[in-house]
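Report on one structure; see the data block that follows.
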4 protein chains.
Amino acid sequence: MKIGFIGLGIMGSRMAANLQQQGHPLVIFNRSPEKAIPLVKKGATQVNTPAEVAKHADILFTMLAHPEAVTETALGKDGFLVHFTPNSLWVDCSTVHPSFSREMAREAHEKKIRFLDAPVAGSKNQAQQAQLVFLVGGEEADFQECQPLLETMGKKVIRMGENGMGSAFKLVLNHLLATSMAAFSEGLILGEALGISLETLLNILVGGPVAAPYLALKRSKLENDDYEAEFPLQWMQKDLQMVSLAAYESNVAMPLGNTAKEMYRLCLQRGLGEQDFSAIYAFLKEGSGGDRVAS
Amino acid sequence: MKIGFIGLGIMGSRMAANLQQQGHPLVIFNRSPEKAIPLVKKGATQVNTPAEVAKHADILFTMLAHPEAVTETALGKDGFLVHFTPNSLWVDCSTVHPSFSREMAREAHEKKIRFLDAPVAGSKNQAQQAQLVFLVGGEEADFQECQPLLETMGKKVIRMGENGMGSAFKLVLNHLLATSMAAFSEGLILGEALGISLETLLNILVGGPVAAPYLALKRSKLENDDYEAEFPLQWMQKDLQMVSLAAYESNVAMPLGNTAKEMYRLCLQRGLGEQDFSAIYAFLKEGSGGDRVAS
Amino acid sequence: MKIGFIGLGIMGSRMAANLQQQGHPLVIFNRSPEKAIPLVKKGATQVNTPAEVAKHADILFTMLAHPEAVTETALGKDGFLVHFTPNSLWVDCSTVHPSFSREMAREAHEKKIRFLDAPVAGSKNQAQQAQLVFLVGGEEADFQECQPLLETMGKKVIRMGENGMGSAFKLVLNHLLATSMAAFSEGLILGEALGISLETLLNILVGGPVAAPYLALKRSKLENDDYEAEFPLQWMQKDLQMVSLAAYESNVAMPLGNTAKEMYRLCLQRGLGEQDFSAIYAFLKEGSGGDRVAS
Amino acid sequence: MKIGFIGLGIMGSRMAANLQQQGHPLVIFNRSPEKAIPLVKKGATQVNTPAEVAKHADILFTMLAHPEAVTETALGKDGFLVHFTPNSLWVDCSTVHPSFSREMAREAHEKKIRFLDAPVAGSKNQAQQAQLVFLVGGEEADFQECQPLLETMGKKVIRMGENGMGSAFKLVLNHLLATSMAAFSEGLILGEALGISLETLLNILVGGPVAAPYLALKRSKLENDDYEAEFPLQWMQKDLQMVSLAAYESNVAMPLGNTAKEMYRLCLQRGLGEQDFSAIYAFLKEGSGGDRVAS
């Protein structure tokens, strides 16, 4: 069985490498072709269009930046969907909003292609170490067929329900990540401005009852003021836009989620998009403390 | 040594009971005198004014609702501060902003009274079971003198630094509690509106990496739609006002904290003040889901 | 010249009636056909599908609720776009985001159809009295051809630039309407809670330097607590979503716009969607004033 | 009759100059004494403490930065209140929250001093040209006695009600100023990012129905990117804190007001405090537009 993989960014390149390492032959495509080189060196076949991936693969994974990229790759010029052999399986690991996943499912089903939305929890390190968690929406049979491959890339594979439910849960997760990182930053900065050291704050808070456990992974970034991306801020901001869209479509108010969305946007405007999303701490901290007014 | 205790609400009544249980004789005062009855039955001496507490006690604990209540009790008509024997120790466990704690410290020191700010982490159940965490600001010697008594009421006693630092850390904690409860609620409601059951959401999220561990304690409230107060929403909203004030005084922007503050205020306007602060979930959920617009 | 008109809601029905009154023969379609009856009684031809409108009209106006409705009507099953005679003119008066207008322009141009985005400033009364302001994006020649018809429905017609620029300006306008209504409401409610009468507040503020002049039109609604819709709240909330989307696409942070969006969403959740958007005053006012906390 | 004036900043210096120009002998005090020089040159008596002002004046105006400054000046070491001849009149023109004005009224009344809260609408230019609007809270008789002097400094003098009501109305005004400036900025930046020129946006919006008329006065600042202060941003941020405090005390949620408060705080953190509050436009605009994400 040949596996197609489209989208070789921070996440996709590592996920594909894990498939390759388990002996699966890969057909790959990436918009920037140089990112395919490491996989090609280890035997992957690089092709020039998404369409060619479909021609050679029985199952196809996509790991792309946003819904527009998925649409373009699947349905655009040289898109893969019409070139797929009927009954093939498309597994979209991109983070998108659930109504978009359901739309892609419909597009696929019309062409007799099976579809799973299978976004992941975890970022660069988890992708590298095959420790991702897959949140899957789609038919039980398709899920079971795909499960061994997903387990090659992750430590846990959960079927959330029908198409769109994987994407739904992913958005909930990223809403929680984004808001907790922002609110935690605010708390730290307040504590520091009031005279408590960052070290003391982190010592007491991280691992304690009021901080999300994943924040332990961000500790060294905050302490070293070094925001090398595990999960780039620009994609978190994009995900919050997906959250906002999903909330709009399902009649849910999310005041904190939207406030966080705008704060990450201010970070983007200031050029922090390619840094880790924990760089919101640096944005909020800049110039804080000291006298409350100039005079 | 006689212990004075002023403020016998949800928290104070339980804290005083733990002191009493360890054999400490208590002199107590509460604005609503009937709340003193259970302690009186077990031997506490109830008096009619804060001043009288000071006349009989060597160390005095206050556990009051807000800075104004502390000011009134300490410095108002029949306030205790001027009636205290010099060198006595006042331990304020109320949640207030740090500049207020420092102001109280100054007032106390002027009258040769020693002062500790010692707010607590934990709510009703932790108070009951002597499982509170005390966050203490003040002199090391005073801290050490007081520590055995605090350990009677709590499981952990931490000196954060000089006067005001206990209050500072407490505000950081409650900022994190308030924002995480609100953001978690938003995430749950989004997930439910997108078709995931509350049970599934809680099963995966609670105890996982993106949810603050304390949220496990709120699970049954959300599931049963029963918000009997452990930590009343009105006090959380008050604490967020303290946070906002401390942030103003120390030049710190807290966009999420302030958004949360306003959401809890909307809850207060709708009469949820005496329920647990997790009732923000009910407020945000009301009418959510379904069609995004009427037609 | 026969004029097609699709979308006969609060706005569209009044706009079409003004065209009819000036002697223009109309071909009309509305999803709920009963809304067409008054126009049919005065001579309009009602047809069963958008496609049939295109077959009979040389110029076609759409006034629809949201982008999805426009897509469905133009490009869906029985959509009008493929049935239009080449070189016909489609004028979309719906409030949509600019990238959507440009997408519709592309779809139209591919089929040799000309396209203008021409959303309107003004609500029910202005539509009724032909006092709308049209904000137009598209080719100068198309604009000039269409101008007399737009002037039949409005008092002012402004070409903002190329396709999408009409929609762009419309979103700026509605952002200002939505935020000023919400912030004005907050100010009134604060003033009232502090003891100033609503009448005094409105007497001084309305028509003064710090209140947007249009707020005068909302005065009687606030005073009578009667929010019969001129501009339904649900559409304002939708427009704020369009604003948020346009801001996302063009890298602009809008913290106040998004906060307003979420407040209107809370109104929607509470069933205020079909009332005027000034009903946000009622939502925010409910339960305000009085003691700040319960005890 | 001798007039005391304390607080000679941007506003106070101009207000005092207008009193002087009408022939009123002044006794003045300012924390930074050099600011008194121009008035002294024209005959004012400069003294070294607030207390000395009270000893020489029959009526005393204060125009200070915030409640703490008022407290310090009136009640602190060398404060004026105890040195005032009974039945004298204190007129506080500072922008403070209403409960503080009432507290000052109580302090004054205890010492048999009469008190008016009389904050002003208008900024530097209006102060210079005696075009301020005074919003007065207090006894009708005191108001009438003071009215001629206020009219020397302003164009309009309105009695809002009892003590605190002047301050109440002032906070409503500044809430509207602050939120409209921020929301207008967001709208302009969105329009610009979508391709409309700032000039076109301002031409259509300023003076139109959806923009507060005062925004016309800010036009040249935005166009020239020159934010020389008429109303310094730091004081607007302080006023929003007063608004937030008043809202807390009177049980009013103000989500937009608080979001604006935090945005101005971010401006302060970045050193914009001494610029005009319209500099929030520059803060929000920085880095906006262009691609929504880096890649």
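Derivation of every value follows stated rules applied to the coordinates shown; laboratory data play no part. Given the structure is predicted, the values throughout are model-derived calculations rather than measurements. Backbone-built Cβ (ideal geometry, glycine too); neighbour counts: all protein chains shown.
Brief remarks on what is shown
- Per-residue 3J(HN,Hα) values for the range B:187-194, derived from phi via the Karplus relation 6.51 cos²θ - 1.76 cosθ + 1.60 with θ = phi - 60°, read x, 4, 5, 4, x, 5, 5, 8 Hz in sequence order (x marks Gly and Pro).
- Calculated translational diffusion coefficient of the range A:38-78 (20 °C, 1.002 mPa s; Stokes-Einstein with Kirkwood radius over alpha-carbon pairs) equals 188 µm²/s.
- Ordering B:Lys42, A:Lys35 from the fewest to the most neighbouring beta carbons within 10 Å gives B:Lys42, A:Lys35.
- What separates the B:Glu72 label point from its copies, with the point 7 Å along Cα to Cβ, is 2.9, 5.8, 6.4 nm, written shortest first.
- Database remark: amide H of C:Val157 closer than 5 angstrom to the amide H of C:Phe134 (H placed geometrically; neighbours at sequence offset of 5 or more, or on other chains; Pro and chain starts carry no H).
- Rounded to the nearest 500, the 222 nm mean residue ellipticity of chain B from helices alone is -15000 deg cm²/dmol, with -39,500 (n - 2.57) taken per DSSP H run of at least 4 residues.
- Percent RCO, i.e. relative contact order, over the range D:168-285, from Cα pairs under 8 Å lying at least 6 residues apart: 38
- Near A:Gly4, the amide H atoms lying under 5 Å from its own belong to A:Val27, A:Asp58, A:Ile59, A:Leu60, A:Phe61; only residues 5 or more places off or on other chains count, and H is placed 1.01 Å from N.
- Based on alpha carbons, the Rg and Dmax found for chain C are 20.4, 72 Å.
- The relative contact order of the range D:74-163, computed from alpha carbon pairs under 8 Å that lie at least 6 residues apart in sequence, is 25 percent.
- Sequence of A:Leu19, B:Leu190 once ranked by neighbouring C-beta atoms within 10 Å, starting from the fewest: A:Leu19, B:Leu190
- Restricting the calculation to Cα atoms, the protein assembly as shown yields a radius of gyration followed by a Dmax of 32.3, 100 Å.
- When both bridge partners sit in the range B:3-161, DSSP labels roughly 10% of those beta bridges antiparallel.
- Theoretical gain in end-to-end length, B:Lys155 to B:Asp58 [0.36 nm per residue, Cα-Cα removed]: 32.6 nm
- Principal axes of the range C:168-285: Cα extent on each, largest first, Å: 43, 32, 24
- At R0 = 51 Å, FRET efficiency that the Cβ-Cβ distance of A:Asp225 and B:Lys42 yields, to 0.05: 0.40
- Sequence-separation-based contact order of chain B, relative, with Cα cut under 8 Å and 6+ spacing, percent: 14
- Rg/Rh, computed from the Cα trace of the range D:1-61 with Rh as the Kirkwood radius, has the value 0.90.
- Lys/Arg +1, Asp/Glu -1 at C-beta; chain A dipole; positive extreme among A:Leu194, A:Ile37, A:Ala183: A:Ile37
- For the pair D:Leu198 and D:Gln21, label points projected 7 Å from Cα toward Cβ lie 3.2 nm apart.
- The HN-Hα couplings worked out from phi for the range B:214-220 by the Karplus form 6.51 cos²θ - 1.76 cosθ + 1.60 (θ = phi - 60°) are 4, 4, 4, 6, 9, 3, 5 Hz, whole numbers, x standing for Gly and Pro.
- Normalised per residue, the volume of the convex hull around the Cα set of the range B:3-161 (Å³): 94
- For C:Gln46, the residues whose modelled amide H falls within less than 5 Å of its own, excluding neighbours fewer than 5 places apart on the same chain, are C:Ile28.
- Trypsin sites (Lys or Arg not before Pro) within the range D:77-157: DSSP coil, no more than 11 neighbouring Cβ in 10 Å: D:Lys77, D:Lys112
- Exam field: D:Gly271 pseudo-label spacings to other copies (7 Å along Cα-Cβ), nanometres: 1.5, 5.4, 5.5
- Dipole magnitude for the range D:3-161: computed about the Cα centre from +1 point charges on Lys and Arg Cβ and -1 point charges on Asp and Glu Cβ, it is near 460 debye.
- Fewest-first sequence of D:Asp117, C:Asp142 by Cβ atoms within 10 Å of each Cβ: C:Asp142, D:Asp117
- Whole-Hz Karplus values for the range A:269-278 come out as 4, 8, x, 8, x, 8, 7, 4, 5, 5 Hz, taken residue by residue from phi with 6.51 cos²θ - 1.76 cosθ + 1.60 and θ = phi - 60°; glycine and proline positions read x.
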